């Protein structure tokens, strides 16, 4: 083992030795709920993509109009699918890295139940038009309060486990998980509560601090915690370099929070604040490259494993998407680039690469890895898992690339005021059709993934897979 | 020092929060204290300093309109900011007159703010007074009757509800009017 390489702590103890220790009830509940919402919200996602192609679709039903389904899509995917799936992984990872049982399974199950109340509440309230009108913070205040309570329950359980740990040394994933829990508390309170006491540009600034950090300080650290655990696990390789993970973690904790105002470049917000946001956006390259270097380094000489290791396929393509999306981000914040791509369809292409291409890929990999271990069986079908990878990959690439090309073209047209606005809309009709078709492929990915996990749970191993 | 954070959860938490709060405070709490225009409503009576006018608080009817605008998620597709880009001032302009750039003091009463992040439909920061009542009623009933190629959803439940329609209309006709930017006050009713 080259110097600096570390295995996830506890690995030495061997997985089998720990096998009897964990009941994992909480992880199971979070995992199953999140996959159910992935499927349900996937239908919503397809519906709103279809509305771009057929604007009159379901157009006379207020509950199903675009403007009410879009927040359901965004919040459903973020807080119904991705976050609870990541939380399931945390409930799985932390006790194993600490060498002890989860602090309280009862509290964990209660958290899962409360989380389901929140998501089901959102499924009813958002289409009814009840929302705060702030991006990513649409959930009505009553539900936001429940989120805070659930998050405290989650935090107590995880910190309780960490503080009673058997291994003194904390593996990287644990730092990221602790960071996620604490930063989220403040980021979420800012976006959902502090915004209620402010107006105008001041509110927008808090809103975008939250939007940016919902991705940067919630989904990024928890997603990286998952990847830091599962890349060495799935490849059975020790992590490349411990010092590099420190650089990644500590630069992330300092740099990310400064950049909210880059969502309002050229807009009605102080120029000096825009410049600060741009400077720090460029610095985001540091934590990202440190992490990606570490992941690639871990795979050195092991790339052949990608051929038939499905979790590893998701993890490493997720890493590539992470590198790309986090290269786009800082570039978008340059004023000249921003003048073209900002507010265009390029942006949903970028956002989907981050949350689907990177963080959902990490979560899916985790789900494929843990499901057979949680239910003490084997994955239902490796072939179907491979199919789900290619559905997500081709659908995802189709989605990202089409929207980048379309969005760039759209921005270029906007910058020529001689072109009437409606012509720039018509120009995107074919782009939106391709986006819908890519969405269908991605939905096939969701279905095959969800079916595979569910079939694993009811224990139907397909022979000759 | 970094190695210490490896072993002590308390130290790691403390350091992670301190680093976070430096940027968090400097970019959210400090800016509104430094830049007063974020909280002071627009008012200008001197034509040599740009468009004149005064930002007034929302009426009850306009507030209701903003609530409808929020409920239907109009802001997912319509931004409300004329940015510091020439193209934006042309596109938000009307009948050959460029729109003034949006400034923070025009949005002081907005709760929630409606700046938006995605521009699927045109920007609405200066839409107030561009189209008359009849145009809006027809447009909400089916946007494609007036603008073929549009992908905006129809809103029959608003167009057919006089109370909601009037409220939303009052809100729309107010947008961008704090700056009295039209040369002859040629606003539509």
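No lab work stands behind these numbers, since they all come straight from the coordinates. What you are looking at is a predicted structure, and each value in this text was computed from that prediction instead of being measured. FYI the Cβ positions are ideal-geometry reconstructions off the backbone, even for glycines, and counts take in every protein chain you see.
Details
- Remark: spin-label model distance residue A:331-residue A:418 equals 2.8 nm, labels positioned 7 Å along the Cα→Cβ axis.
- Relative to the dominant Cα principal axis of chain B, helix B:9-28 is inclined by about 40°.
- The mean number of partner chain beta-carbon atoms within 10 angstrom of a residue's beta-carbon across peptide B:118-128 is 4.
- Relative to the longest principal axis of the Cα atoms of chain A, the long axis of helix A:105-125 makes an angle of roughly 20 degrees.
- Our summary gives chain A a relative contact order of 17 percent, counting only alpha carbon pairs under 8 angstrom and 6 or more residues apart.
- Placing a label point 7 Å from the Cα of residue A:141 along the Cα-to-Cβ direction, the residues of region B:89-122 whose backbone N falls under 17 Å of that point are B:110-113.
- Computing FRET efficiency as 1/(1 + (r/R0)^6) for residue A:109 and residue A:54, where r is the C-beta to C-beta distance and R0 is 60 Å, gives about 0.90.
- P(r) of region A:140-243 over all Cα-Cα pairs, binned every 10 Å from zero, in whole percent: 14, 37, 29, 15, 5, 0
- Between residue A:383 and residue B:63, the distance separating the two model label sites (each 7 Å from Cα on the Cα→Cβ line) works out to 6.4 nm.
- Protection proxy ranking for A:91-99, A:123-131, using the average of other Cβ atoms within 10 Å per residue and placing the highest first: A:91-99, A:123-131.
- On full extension, the segment bounded by residue A:308 and residue A:193 gains 36.7 nm, given 0.36 nm per residue less the C-alpha separation.
- Kirkwood-based shape ratio for region B:43-174, expressed as Rg/Rh from alpha carbons: 0.96
- Ranked for footprinting exposure by Cβ neighbours inside 10 Å, fewest first, A:218, A:48 give A:48, A:218.
- Peptide B:5-17 has a mean shielding of 6, counted as Cβ atoms of other protein chains within 10 Å of each residue's Cβ.
- Taking the C-alpha atoms of region A:405-465, convex hull volume expressed per residue in Å³: 92 Å³
- From the largest down, region B:74-140 spans 32, 30, 22 angstrom on the principal axes of its Cα atoms.
- For the residues of A:406-415, the average number of beta carbons from a partner chain within 10 Å of their own beta carbon is 2.
- Approximating the spin labels as points 7 Å out from Cα along Cα→Cβ, the residue A:394-to-residue A:101 distance works out to 4.8 nm.
- Each of A:433, A:72 was scored by other Cβ atoms within 10 Å of its Cβ. Listed from fewest to most, they are A:433, A:72.
- Annotation: the residues A:393, A:89, sorted from fewest to most other C-beta atoms within 10 Å of their own C-beta, follow the order A:393, A:89.
- Between region B:110-166 and region A:233-308, the Cα center-to-center distance that results, in Å: 41 Å
- Against chain B, whose longest principal axis is taken from its Cα atoms, helix B:162-174 shows a tilt of about 70°.
- For the protein assembly as shown, the Kirkwood estimate of the hydrodynamic radius, built from every pair of different alpha carbons, is 25.6 Å.
- Reduced Cα scattering model of region A:313-412, Debye log10 I(q)/I(0), q = 0.10, 0.19 Å⁻¹: -0.34, -0.88
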